[in-house]
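S.K.: Submitted below is the structure of interest, expressed as C-alpha cells.
The values are calculated or read from the model by the stated rules, or taken from the named source; none is laboratory data. Just so we're clear, the structure is a prediction, and the values are computed from it rather than from any experiment. Using ideal geometry, Cβ is built from the backbone for each residue, glycine included, and neighbour counts are taken over all protein chains shown.
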Amino acid sequence: MIEVEGLSKRFKSKQALNNVTFTAADGKVTGFLGPNGAGKSTTMRAMLGLIAPDSGHALIDGKPFASLRAPMRAVGAVLDAKSAHRSRSARDHLLALAYTNNIPERRVDEVIDMTGLTSVAKGKAGRFSLGMSQRLSIAAALLGDPHNLVLDEPINGLDPEGVKWVRDLCRYYAVQGRAVLLSSHLMSEVALTADDLVIIGQGNILETTTVSKFVAEHSARSIRVVTPEPDKLKAIFSSAQEVQVISDQRTPADPPVGEVFRITGADLVTAAHVFAQAGLITYELIEEHASLEEAYMALTHNQVEYQTKPVAEVTR
Amino acid sequence: MSSNNAHASANANVMNTQSITGRYQQRSSSRRANRWSRRSRLSFLGSLKAELLKLQSLKSTWILLGLAAALMVGMAALSAWTITLMATIDITTGTTLDQPKPLAAVDLWAVLASSGSTAALVIGIFGVMAITSEYTTSAIQSSLTANPRRGMFYISKSIAVALCALASGIVGILLASGILWLFVQGHDVAPLSDGQWRIIPITVVGFPVVIMLIALMAVGLGGLTRSTVGGVSAVVVLLMVLSSVLAIVSMAVSQISWLGTLAYLTPDMAMNNFLGASINSEAVSSVTSQQNYWIPEWWQSGLMLLVWVAAAWTGGLLVTNYVDVK
C-alpha cells in the first residue's frame, strides 16, 4: 500500500505539488491522472525519495521508502523509459540493480524473458527504441517481485501488444493483492485498467474517486446514428424536448454514406423501437460513452499547464 | 506446465500475457523462488558488487584505465630514454662519451615517481564520468530506486572507482619499472644515499595510492557538479590550469612570490612534490632550488593532497545526499 499525505513541493517559481494526499490500496490498480506538468512524476519521485518534499510524506507499506530493508521487494518503479546507461548492455544493467538487493542472477534472466528482451539482452541499452527501453525499465521494476508497482506513463512508446501486456500486468498484480499506481494523461487508458482514480491538476488533487463512479457521474450517454433520411430523424424527436439531435463529424469507423448525428437524452432501446415503427433507415446505431474523456478534459481544462491554441488560430 | 513452457518459448520475443501469468503461477508456487525473495535485501556488499559490475561493463572504463597505465609507461620510457642518452653525452662539449657516466639510482626512482602526472588527468576523467554518467543517462533514477540510501550508493561507487584506479596505478608502476629496467641495462647505477631511501616506499606504495586519491577527488567533483562537462573542467582546472597560472604569475610579479608557495598547494603540485619525496633530482625537477618562498616538505604536500581529496569527496557526498534528483 502506498500512502501519500500532504505532499507539497516548490521548485523555484512554481508550486509543483500542493498538499497532495491519496492512497493506492492493496489489490487495486490506482489510476493517477493529470495533464502534462500536473505533478504526477514529481509525486512519484517524492514517493521514492528522489525529491525531498517541502512538507508531507509518503509511506510504502507503512514505512518511508528510504528506510526499507529491501527496497526492490517493496517497490518496482518505472519513472522514465530511458533509465539505463546507454553504453551498458541490458542484462548488465539489470544485473547491477539485482546485485544491490541480493537478487539472484536467474531472476534477471526471468524478467528478461518475461518482458521479451531475450534476443537483445546483450545489446547496448542506448541502441534500444523507445518501446524496447520501456520494456527494459519495466523489467527492472519487476526484478524484486515487488509488492507495490509505481508506473509513470509506462505505455509510452509501446506497440499495441506491449500496451495490452502492461494492462494485464497491472491487473495481475492487483489480483495478487498488490498495489499498483499507474500514471497517465489519457483517461481512456486509465478507464480500461484502473479501479481507483486520482486526478491531479497543477499540483492539486482535483478528485479522488473510483473509475466506475467517475464513469457513472460524468458519462452522459449518447446515441450515434447514421441515416440517409435526416429530416425524418429530426421529425421523430421534434416533440421530445429533452432529446437533442446534433449533426456530428464523420469518423473513419462510420459508414461512408448517409448523415451522422449524435442524439443525447434518449434511451437506446426506445429509440431503436421508434426508428423501426417510423421506418427510418439507419446505417449505424451505436450507444456511446465517449464523453468520459470530455468529462476529464472539463475537469482539468483550467488546470492544464501547457495550454494549446486551437489549430485554426495557430495557422491563421 | 508443459503447455506454459511451450507457450513461453514460442513467444520468447513478445510480451505475452499468458506466459507471464503462467510464469508467475509457476514461481509463486515454487518454494525455491520464495527463498530468494525472503533473502533479498539491500546490503553494502551488494551495492559495491553492483558498482564494480557497472564500471566493468562499460568499454570506456577499460579504455581510460588502459590509457592511464599506458601513459605511465610511456612517460617513464621517455624519461628513461632521455636519462640514458644524457649519460652518454658530455654536456659541456656536446660530444659523445666513450664511457657513459654512471646513472644515479635516485634519478631513476624520480623518473618512475613522476611518470603519473599525465595519467592523473585521465584517471580524473574516469572518476568524474563514473558518477556523472549516472545523471546524464538518467540511470541515477533506477540506481537510487534500487538503493535509496544515497550515502551507501556514493560510498560504494567511490570504493569501486578507487579500486579500479588503484589497479591501474599498480599495473602502471609495475610496467613502468620493467621498461626502466630494460633501459638501464648495461649502465652503471650509483646507489641511493642514506637520506634518499624513502623514495622507494613513496614511489612503490605512494604512486598507486596517489592515483587512487586523484580518482576519489574526481568522484567528488563529479558528484558536486553532476555534469560531465563541469566535472571534467573542474579536474582540468585543479590538475593543470591552477598551478600553471599561479607559477607564471609568481614568476612575472616577483613582489608577490608567495604565489609560488600557493602554487605548491594545488593538487597536481602537491602530488608531484609528494612523489618527489623532497629529494632534489636533476632528472625531473625543472625549477632551480633558489626560491625565495617556502616550499612544503613531501609529507606536507601529501597532507595537502589529502585535504583536497577530502574536501571534494565530502562535497560530492553532501550534494549526492541532499540535492533532489530530477
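S.K.: Of the conditions (1) more than 26 Å from residue B:324 (Cβ to Cβ); (2) in a helix (DSSP H, G or I); (3) touching a Ser or Thr at 6+ places or on another chain (Cβ under 6 Å), residue A:73 fails just one. Which one is it?
M.R.: The single condition residue A:73 does not satisfy is (1).
S.K.: Assigned to a loop (DSSP other than H, G, I, E, B), closer than 26 Å to residue A:40 by Cα, touching a strand residue (DSSP E or B) at 6+ places or on another chain (Cβ under 8 Å) and more than 7 Å from chain B (Cβ to nearest Cβ), is that true of residue A:138?
M.R.: When the stated conditions are applied, residue A:138 does not pass them.
S.K.: Let me ask something else. Which residues, counting only those in the range A:80-123, are more than 7 Å from chain B (Cβ to nearest Cβ), in a loop (DSSP other than H, G, I, E, B) and surrounded by 22 or more Cβ atoms within 10 Å (Cβ to Cβ)?
M.R.: Once the filter is applied, which keeps residues that are more than 7 Å from chain B (Cβ to nearest Cβ), in a loop (DSSP other than H, G, I, E, B) and surrounded by 22 or more Cβ atoms within 10 Å (Cβ to Cβ), the range A:80-123 yields A:81, A:117.
S.K.: Same structure again: Determine which member of the set A:269, A:226 is in contact with a Pro (Cβ under 7 Å, 6 or more places away or on another chain), of a type outside the set (D, E, K, R) and not assigned by TED's automatic domain parsing to the domain that holds residue A:46.
M.R.: So the residue among A:269, A:226 that is in contact with a Pro (Cβ under 7 Å, 6 or more places away or on another chain), of a type outside the set (D, E, K, R) and not assigned by TED's automatic domain parsing to the domain that holds residue A:46 is A:226.
S.K.: A further question on this structure: What's the number of the only condition in (1) within 10 Å of another protein chain (Cβ to nearest Cβ); (2) under 30 Å from residue A:123 (Cα atoms) that residue A:64 fails to meet?
M.R.: It is condition (2) that residue A:64 fails.
S.K.: Any idea how many residues of the range A:257-316 are modelled with pLDDT under 70, in contact with a strand residue (DSSP E or B) (Cβ under 8 Å, 6 or more places away or on another chain) and not in a helix (DSSP H, G or I)?
M.R.: 2
S.K.: While we're here: Taking only pairs six or more apart or across chains, which ones have beta-carbon atoms under 6 Å, a first residue in the range A:3-19 that is more than 29 Å from residue A:147 (Cβ to Cβ), and a second residue that is assigned to a loop (DSSP other than H, G, I, E, B) and not small (Gly, Ala, Ser)?
M.R.: Between residues of the range A:3-19 that are more than 29 Å from residue A:147 (Cβ to Cβ) and residues that are assigned to a loop (DSSP other than H, G, I, E, B) and not small (Gly, Ala, Ser), the close pairs are A:10/A:54.
S.K.: Can you tell me which of A:246, A:223 is among the β-branched types (Val, Ile, Thr) and surrounded by 11 or more Cβ atoms within 10 Å (Cβ to Cβ)?
M.R.: Result of the check over A:246, A:223: A:223.
S.K.: Under 8 Å by Cβ, and 6 or more places apart or on different chains, what pairs join a residue from the range B:300-326 that is more than 14 Å from chain A (Cβ to nearest Cβ) with one that is outside any helix (DSSP H, G or I)?
M.R.: Final answer for the pair search is B:304/B:265; B:304/B:296.
S.K.: I've got another one for you. Can you pull out every residue in the range A:202-225 that is touching a residue at least 60 places away in the same chain (Cβ under 8 Å) and part of a strand (DSSP E or B)?
M.R.: Within the range A:202-225, A:204, A:205, A:206, A:207, A:208, A:222, A:223, A:224, A:225 meet the criteria.
S.K.: Of the residues that make up the range B:75-88, is at least one closer than 18 Å to residue B:168 by Cα and not in a helix (DSSP H, G or I)?
M.R.: no
S.K.: Taking residue A:127 as the residue in question, decide whether it is within 14 Å of chain B (Cβ to nearest Cβ), touching a helix residue (DSSP H, G or I) at 6+ places or on another chain (Cβ under 7 Å) and among the basic types (Lys, Arg).
M.R.: Criteria not met by residue A:127.
S.K.: How many residues, within the range A:23-51, are among the basic types (Lys, Arg) and farther than 22 Å from residue B:149 by Cβ?
M.R.: Result for the range A:23-51: 2.
S.K.: Additional query: Which count do you get for residues in the range A:152-165 that are facing chain B (nearest Cβ under 8 Å) and under 13 Å from the mean Cα position of the chain (by Cα)?
M.R.: 1
S.K.: Name every residue in the range A:172-186 that is out of contact with any Leu (no Cβ under 9 Å at 6 or more places or on another chain) and within 16 Å of residue A:74 (Cβ to Cβ), in order of residue number.
M.R.: Residues satisfying the conditions are A:176, A:177.
S.K.: If you don't mind, there's one more thing I want to ask. Quickly run through the range A:236-252 and pick out the residues that are free of Cβ contacts under 8 Å to residues at least 40 places away in the same chain, within 15 Å of residue A:282 (Cβ to Cβ) and of a type in the set (A, V, I, L, M).
M.R.: Scanning the range A:236-252 gives a single hit, A:245.
S.K.: Got at least one residue in the range B:27-37 being modelled with pLDDT under 80 and not in a helix (DSSP H, G or I)?
M.R.: There is at least one residue in the range B:27-37 that is modelled with pLDDT under 80 and not in a helix (DSSP H, G or I).
S.K.: Test residue B:136 against the stated conditions and say whether it is surrounded by 20 or more Cβ atoms within 10 Å (Cβ to Cβ) and within 13 Å of another protein chain (Cβ to nearest Cβ).
M.R.: no
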